[in-house]
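Report on one structure; see the data block that follows.
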Amino acid sequence: MTNGDESRQVKAGVVGWPISHSLSPSIHGFWLEKYRLSGRYAALGIKPDDFDREFSALRERGFVGVNVTIPFKERVLEHAAEITPAARDTGAANTLTFRKDGSAHADNTDVAGFARLVKSAAPDWKGHDGPVVVMGAGGAARAVVWSLLAENVPRVFIVNRTVSKAETLCEHFGSRLEVASPGEFPGIGRTATMIVNTTSLGMKGQPDLVVDFEPGMRSATVVDIVYNPLKTGFLKAAERNGNRIVTGLGMLLHQAAPGFERWFGVSPEVDSELHETIARKLR
Ligand code: NAP
């Protein structure tokens, strides 16, 4: 970042609680420096009780937009005048842009982040070629499912610990979705073109997601959106089975790009240097 007159700097940031773990300042900071832009991207820790008041004041404080992370992705929609279809259908937003009149535009760029991850890491994968198995039914699963449906995946099997949440997800997204039990996994895994982990299992400090991969599932591309560690136990097991694997850090990098472009006016590249810079922070 070039140090210029601070008052003229374009100001954006990330809002969450807690916020110290967020990698967004490092990602945006990398791009600000790379493109030599006079902008600032701040980490803004806001306590849940203060959220409505503090969020409403951001525009006045000179922010052009913010990323929003846990635990505010859902409730921030109450503050948005314009909501993209991806944010509306997933019920969550992570990228808010303030208009000149002070109103906010809300988008869920996890959806595009997942789509771009797949396009860059598995360019020959085609949604219409067959079913996909999604492990998990939380907020990230909604973004992944939205993205898969947009890619014309004919059938999405949802496997989740809490079956009622899987049912709710299927009701919400319609007839191409189906709840499956872990016991059904070997069968559906053999027909799948892709198997995606969207649970928080495998994250640093959490137990691994254990899946019995077998040779008959080898044609599936296996994706884990967990990015810390970079290669989860789930991905290692898939790799040992001979599956193509896709790690989750790229989704985090790609979801950041639309906000950066809207706020700072440059379409940033997600390249190997950025990937390596952020990966180094995780190691
Ligand atoms: P969430 O809404 O809290 O959902 C968590 C999911 O994990 C639920 O399906 C939950 O199942 C399941 N789960 C948690 N603990 C479990 C356990 N012990 N056994 C079995 N299932 C368990 O969280 P989220 O926002 O969807 O995020 C999920 C993961 O995705 C996180 O690791 C997050 O960092 C990652 N993520 C990555 C990106 C990226 O850019 N790469 C973007 C978004 C999220 P139940 O329904 O049974 O509780």
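Bear in mind that the values in this text are calculations on the coordinates, not laboratory data. In this text the structure is predicted, and so the values were computed from the model without any measurement. Please note: Cβ atoms are built from the backbone with ideal geometry, for glycine as well, and neighbour counts cover all protein chains shown.
Could you list the trypsin sites (Lys or Arg not before Pro) in region 1-85 that lie in coil according to DSSP, counting only those with at most 14 other Cβ atoms within 10 Å of their Cβ?
Passing both the DSSP loop test and the Cβ count: R36, R61.
Quantify how much of the Cα-Cα distance distribution of region 197-261 extends past 13 Å, in percent. Present the calculation step by step, with values, prior to reporting the outcome.
Values: 1275 of 2080 pairs.
The answer is 61 percent, as a whole percent.
May I ask you to list the residues of region 241-274 whose amide nitrogen lies under 13 Å from a point 7 Å from Cα along the Cα→beta-carbon direction of A121?
244-255, by backbone N distance to the label point.
Can you list which of the GluC sites (Glu not before Pro) found in region 225-283 are DSSP loop residues with at most 15 other C-beta atoms within 10 Å?
E269
Given the C-alpha centroids of region 219-267 and region 154-184, what is the distance between them in whole angstrom?
22
Can you tell me how much longer the chain between R176 and R8 gets when fully stretched, taken as 0.36 nm per residue apart minus their C-alpha distance, in nm with one decimal?
Values: separation 168, 0.36 × 168 = 60.48 nm, distance 4.93 nm.
So the extension gain works out to 55.6 nm.
Mind checking which of N241, I188, I278 is farthest towards the positive end of region 185-279's charge dipole, using Cβ charges of +1 (Lys, Arg) and -1 (Asp, Glu) about the Cα centre?
Of N241, I188, I278, it is I188.
If each DSSP helix of 4+ residues adds -39,500 (n - 2.57) and the sum is divided by the residues in the chain, what number results at 222 nm, nearest 500 deg cm²/dmol?
-11000 deg cm²/dmol
I want to make sure I understand the PRE zone here: with the label point 7 angstrom from the Cα of H128 toward its beta carbon, which residues in region 146-164 have backbone N atoms less than 15 Å away?
Of the residues in region 146-164, 149-155 have backbone N under 15 Å from the label point off H128.
What is the list of residues in region 77-113 whose amide nitrogen lies under 14 Å from a point 7 angstrom out from the Cα of T168, following Cα to Cβ?
Zone members listed by number: 90-92.
List the lysines whose alpha-carbon lies under 26 Å from that of K165, not counting same-chain residues fewer than 8 positions away?
The qualifying lysines are K73, K204.
Give the calculated FRET efficiency between E276 and S20 to the nearest 0.05, with a Förster radius of 22 Å applied to their Cβ-Cβ distance.
0.50
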